[in-house]
Structures are given as structure tokens and as C-alpha cells.
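Just below is one structure, and these are the notes that go with it.
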Amino acid sequence: MRPTVAEQLAGTCLALERVVSPEIEGTPAAEVLRGLVKNLRMLETSWAAILPFLHWDVAETATLLGRAREAAPAPLGARIAEALDEAPVDPLDVVAVDVRSDGLRALLSEVVVAIDPTSPEHGAIAAHFDERARRYPMRMVPDVPKAGG
Amino acid sequence: MPPSVAEEHEPDPGGVAAHLERLIRERVPGVEDLRLTGLVRISGGLSRENWVLNAAWRDTAGEHDLPLIVRRDPAGSLLDTERREEFAVLQALEPTPVAAPRALWLDEDGAVFGSPSLVMERVEGVCDWFVLNSDRSEPVRSGLARAFLEQLVWIQHVDWRAHRLDGALKDPGADAAVAALDRWEGELRRVALEPVPELELVLRWLRERARRSTRTVLVHGDFKPGNALVVGDRISAVLDWETAHLGDPLEDLGWITNPVRAKEHQIRGLWEREQIVAAYTAATGHAVDDAELTWWNVFSCWKLAVIVLTGQHEFVAGRFDRVHHSPTWLIRAMLRMIEEGPR
């Protein structure tokens, strides 16, 4: 599939930088454009990592929920069991995997405030959060406004 | 009298100059020969449209020639704040040693400018987020670091009761920490586009350890070199008072000793947490409990994460033009501080 997604994003950035940017240099719009191009450049390299990341996160989250189910209050434990029993989604459908991820992370939001914070299950969840933050594929530090009066 | 708005502006599609002329004529009795020149929209504020210009006029008090800045709320912003509160704070600061710009007029409901706006006197100076780690000499940077802390101490020294600030700002009393959590949890519930269990875990940790305040002070809420102007080796203005509120004295101190933003607030080996706390204690006479300060460090990161989510929310809604992603760097920092505990 050419141009690839990465090639399309790269070409878009080039056009914005070479054609549009010089026309608006020195205006507040130029600062906005720089931020948008920086984000497109980030997507150019990270978009392909999103689906694998989601699969990894969904699998890890499901494991953590399974471990925490017994420690959670009964009604929450029942909803966790129900969620873990759901039929798997199409693994190539990124939107469906993302929705699945949201569902499991919503349950995890309830678990982390319900179970003993000193328990091994809670510790494992915190460790996953750290690892997830480390692996998160879309990351970009916005530019700080230039020094000025 | 026909409008006398001057011509020396860049394009002004928002009609800022005309709006300002109307505001001045409404608020200043007997204005004559009003001239507005040099209108330019500037970048810098991430949550507000900023316009600079000069205003000259004559009235019964004499001739005036003022450099002004107009701050107008955009359709979308990172922060949903009250202009009235900011205006009250700036007015209260005027007779104090705090280097705050003089607030002149408030268009509270946007009746003149189209959205809530504030007009202030423009202060000379340069804004540099990383001035403490810039190429200035070490004595200058060290002096500026101490000057920033001095400003913070002056802010906390403001007699907010005498200035009747409790009429504009809510006094949380001893429950300042819980009030801060409530305020930002409300924002989290309003803006989160997806579940963020990391922030729930940290929120629980914060709620279980929130302490009662021993005193209530004026809190800037976003105290940093990026919200200040510097001239040479002195601070000419502390800006962006939109998140100012009454709260715990360690809130702003927790913001500047937050390890996540050390490059903005600290100088390695010279002006770090230990030195900042020692200088603060020497200046105020108040000892700082390390565990409590760590609580406010974690809160600073958590609040900043919520602000990032607000940016996402507004971007997706088409009201903000900057993209924000998951605040992963804040999540990792918070988890680390929670695990390590007080230093």
C-alpha cells in the first residue's frame, strides 16, 4: 500500500513545513502549526505500534483482573468474571480492541480503589501501570513557548 | 464622538481594538483623544488569547499613556477559570511587594469583548521557562531562584482577609487538601475521555493521606518561571493568576519542589528541594514536614495530569489547537514517589 501511512504523514509534514509555514512565520498560527507537525511526525513512527500495544495491554489487564477478582467486593468480582468471559474481539480490528481495552481499564479503575492497597494484587497493578506508561506508543512533549517579553 | 482607534495595528479580525475602546469609554469618565496603537496578538499563554497594545488618552486626571495587555478567554482552553476571581486577586496584590501586573478593567461576562476578558498594564520583561538553567551566570541564576522564592513567600504573606479576598475566593479552612482534591476530581470526571485507572489509584492514595492545614494562604496555583517576567537579574512580574486560590502553604511549595519539573524550578547541586525548603523555612519561620511536602508533590503531578486530560478533551471537542497525549511521564513519577515515600 503506497504511499504507506508513514509516507503520507511524512509528506504532509513536508508540505506544511515548506509551503504553509513560511507564509505564517512570526504569527501565533506558526506556533500552532509547529505543534501539529510535531504530532504528525510522532504518529509517523508510532502508529504501527498502537495495535500491538493494545493487545499487550488488554492481555495484561485481563490477567490482573483475573488475579484481583477474588480480592474485590463480590458484585465487582462478578462483573469482572463476566467481562473476562466475553468472546474475543477481532484482533485486527483496532477500534474493537481499543473498546475492549476501555472496558477492562474501567473495571481496573474500580479495582484499584476497592482492594487492599498493600496486597500483592494491588502491587502488581501498580507495576503494570508503570510498565504501560513506559511502553505507551504515542508520546510527544509539546514545545514550550519561546522566551519573549 | 467618532471612534478614534488608530491604524497602526496588525489585522484585527476579532475587533479587539474596537472592543477595548468601548470598554475604556465605559469605564473611564471624561475620556478624550483616545488612541490605541500597536495592537499585536502574542503567543505565550496556553489558555488565553493575549493581545498587547498601547493606549493613550486624556481625562480629568491628566494625560495617560499605558502599555496594555488584553487577555481574552478563547472558545476552548486548558483551564475553566473565573475572570472575576483573577481580577480580585490582582487588585488585592497591588499594594503588596508581590510583582503582579496592575489590573485595570474586567469584562466579566464578555459583554464587550465577546468572551470574558481582563485588561492589565503591560510589564517589561522576558519570559523564559528555563531561566534558572539558562546561560546566565551562576550567581544571577542563583539570585533569581531566591527571588522567585521570595515572591512566593510574599504571596503567602498577603493578608487576604484584610483585602477581603475571601469574598471572591472560597476559604477552605483546614480542609484545603481535600478541597483541592475535590476541585480537581470534579475536573477529572468532567473531562476524561477514557478510563484512567492510574489516576484513580493515585487519587485514593492522596485521599487516604490528606492532612489538615494549619494555616490558609493565597496560592498562585501555577507558580513557575514560565509565568513570570525577568529584567536582568530581577523579577519584574509574576503572571497568570487565573488559578490563584486560598489554600495550603505547601501547595505552591509542592509545585516548585516537584521532581518532574526540576529543570524549571531547580538548579542541580545549588537550588534543589533541600535548599528550597531550608530557604522557605528561614524566610517564613515555618518548618516543612517532608511527608506532607511529598503529598503536595504527588498532588502537583496528579493535578497536572488532569490538566493534560482537559487539553485532550478540548482538542477532541474542536476547541483547542494543541494535541495532548496520555500523561505517562507524570504517571511514572507519581508511582515512583508513592513507592519511595517521603525522602
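The values are calculated or read from the model by the stated rules, or taken from the named source; none is laboratory data. Small disclaimer: the values here were computed from a predicted structure and weren't measured. Reconstructed Cβ throughout: ideal geometry from the backbone, glycine too, with neighbour counts over all protein chains shown. All accessible areas refer to the heavy atoms of the entire protein, side chains included, with ligands and DNA or RNA removed. Shrake-Rupley method; radii C 1.70, N 1.55, O 1.52, S 1.80 Å.
Output the residues belonging to the range A:2-19 that are under 14 Å from A:L33 (Cα atoms) and open to solvent by 60 Å² or more (accessible area, probe 1.4 Å).
Within the range A:2-19, the subset under 14 Å from A:L33 (Cα atoms) is A:12-19.
Hits for the range A:2-19 are A:T12, A:L14, A:E17, A:R18, A:V19.
In the range B:194-217, which residues are within 24 Å of B:H245 (Cβ to Cβ) and touching a His at 6+ places or on another chain (Cβ under 9 Å)?
B:T214, B:R215, B:V217, listed by residue number.
Filter the range B:330-343 for residues that are surrounded by fewer than 21 Cβ atoms within 10 Å (Cβ to Cβ) and either under 22 Å from A:P28 (Cα atoms) or within 12 Å of chain A (Cβ to nearest Cβ) (or both); which is nearest to the chain's Cα centre (by Cα)?
Residues of the range B:330-343 that are surrounded by fewer than 21 Cβ atoms within 10 Å (Cβ to Cβ), as a first pass: B:332, B:336, B:338-343.
Among the residues that remain, those that are also either under 22 Å from A:P28 (Cα atoms) or within 12 Å of chain A (Cβ to nearest Cβ) (or both) are: B:332, B:336, B:338-339.
Numbers: B:R332: 25, B:R336: 27, B:I338: 27, B:E339: 30 Å.
Among residues in the range B:330-343 that are surrounded by fewer than 21 Cβ atoms within 10 Å (Cβ to Cβ) and either under 22 Å from A:P28 (Cα atoms) or within 12 Å of chain A (Cβ to nearest Cβ) (or both), the one nearest to the chain's Cα centre (by Cα) is B:R332.
So, in the range B:122-162, of the ones that are more than 29 Å from B:T214 (Cα to Cα), of a type outside the set (V, I, T) and more than 14 Å from chain A (Cβ to nearest Cβ), which residue ends up surrounded by the most Cβ atoms within 10 Å (Cβ to Cβ)?
Of everything passing the filter in the range B:122-162, B:R141 is surrounded by the most Cβ atoms within 10 Å (Cβ to Cβ).
If I filter the range B:227-261 down to residues being among the small types (G, A, S) and open to solvent by less than 10 Å² (accessible area, probe 1.4 Å), which single residue comes out as nearest to B:E108 (Cα to Cα)? First the steps, then the outcome.
Narrowing the range B:227-261 to residues among the small types (G, A, S): B:228, B:232, B:236-237, B:244, B:247, B:254.
The next check asks that each one be open to solvent by less than 10 Å² (accessible area, probe 1.4 Å); those that pass are B:228, B:237, B:244, B:247, B:254.
Numbers: B:A228: 24, B:A237: 23, B:A244: 17, B:G247: 24, B:G254: 31 Å.
Across the range B:227-261, the extreme among qualifying residues is B:A244.
On the basis of being more than 30 Å from B:E49 (Cβ to Cβ), among the basic types (K, R) and either within 11 Å of chain B (Cβ to nearest Cβ) or more than 17 Å from the chain's Cα centre (by Cα) (or both), does A:R139 make the cut?
Values: more than 30 Å from B:E49 (Cβ to Cβ): no; among the basic types (K, R): yes; either within 11 Å of chain B (Cβ to nearest Cβ) or more than 17 Å from the chain's Cα centre (by Cα) (or both): yes.
No; evaluated as a whole, the condition is false for this residue.
Give A:V95, A:V89, A:V111 a once-over and let me know the one that is closer than 25 Å to B:T328 by Cβ, more than 8 Å from every other protein chain (Cβ to nearest Cβ), assigned to a helix (DSSP H, G or I) and among the β-branched types (V, I, T).
Numbers: A:V89 fails: assigned to a helix (DSSP H, G or I); A:V111 fails: more than 8 Å from every other protein chain (Cβ to nearest Cβ).
It is A:V95.
Taking B:D109 and the conditions (1) among the charged types (D, E, K, R); (2) under 27 Å from B:T310 (Cα atoms); (3) outside any loop (DSSP other than H, G, I, E, B), which numbered condition does it fall short on, given that it satisfies the others?
(3)
What are the residues in the range A:46-86 that are under 30 Å from A:E17 (Cβ atoms), of a type outside the set (F, W, Y) and within 14 Å of chain B (Cβ to nearest Cβ), if any?
Quick first cut of the range A:46-86, residues under 30 Å from A:E17 (Cβ atoms) only: A:46-53.
With the extra rule that they be of a type outside the set (F, W, Y), the set shrinks to A:46, A:48-52.
If the condition is that a residue be under 30 Å from A:E17 (Cβ atoms), of a type outside the set (F, W, Y) and within 14 Å of chain B (Cβ to nearest Cβ), then A:S46, A:A49, A:I50 are the ones that fit.
Could you please find all residues in the range B:202-226 being within 12 Å of another protein chain (Cβ to nearest Cβ), touching a residue at least 24 places away in the same chain (Cβ under 8 Å) and either under 28 Å from B:W129 (Cα atoms) or not basic (K, R) (or both)?
B:V202, B:L203, B:W205, B:L206, B:K224, B:P225, B:G226, listed by residue number.
Looking only at the range A:115-140, which residues are within 17 Å of A:G77 (Cα to Cα) and in contact with a helix residue (DSSP H, G or I) (Cβ under 6 Å, 6 or more places away or on another chain)?
A:I115, A:E121, A:I125 - these are the residues of the range A:115-140 that are within 17 Å of A:G77 (Cα to Cα) and in contact with a helix residue (DSSP H, G or I) (Cβ under 6 Å, 6 or more places away or on another chain).
Listed here are the residues, each with its yes/no results for (1) part of a helix (DSSP H, G or I); (2) open to solvent by 40 Å² or more (accessible area, probe 1.4 Å).
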| position | (1), (2) |
| --- | --- |
| A:L36 | yes, yes |
| A:P52 | yes, yes |
| A:V58 | yes, no |
| A:G66 | yes, no |
| A:A71 | no, yes |
| A:L76 | yes, no |
| A:E82 | yes, yes |
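Determine which member of the set B:D182, B:D159 is of a type in the set (D, E), under 30 Å from B:V231 (Cβ atoms) and without any contact (Cβ under 8 Å) to a residue 12 or more places away in the chain. So that I can check it myself, show each step before the final result.
On the way: B:D182 fails: under 30 Å from B:V231 (Cβ atoms).
Residue meeting the stated conditions: B:D159.
State whether the residues of the range B:316-329 include one that is surrounded by 18 or more Cβ atoms within 10 Å (Cβ to Cβ), over 29 Å from B:P197 (Cα atoms) and more than 20 Å from the chain's Cα centre (by Cα).
Within the range B:316-329 (the criterion being surrounded by 18 or more Cβ atoms within 10 Å (Cβ to Cβ), over 29 Å from B:P197 (Cα atoms) and more than 20 Å from the chain's Cα centre (by Cα)), the answer is no, since none of the residues qualifies.
With the checklist (1) surrounded by 13 or more Cβ atoms within 10 Å (Cβ to Cβ); (2) more than 13 Å from chain B (Cβ to nearest Cβ); (3) under 17 Å from the mean Cα position of the chain (by Cα) in hand, flag the one item A:A106 doesn't pass.
(2)
Rundown of residues vs (1) more than 23 Å from B:R322 (Cα to Cα); (2) modelled with pLDDT of 95 or more; (3) away from chain A (no Cβ under 14 Å), yes/no style:
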| site | (1), (2), (3) |
| --- | --- |
| B:H19 | yes, no, yes |
| B:S43 | no, no, no |
| B:P67 | yes, yes, no |
| B:G76 | no, no, no |
| B:E86 | yes, no, yes |
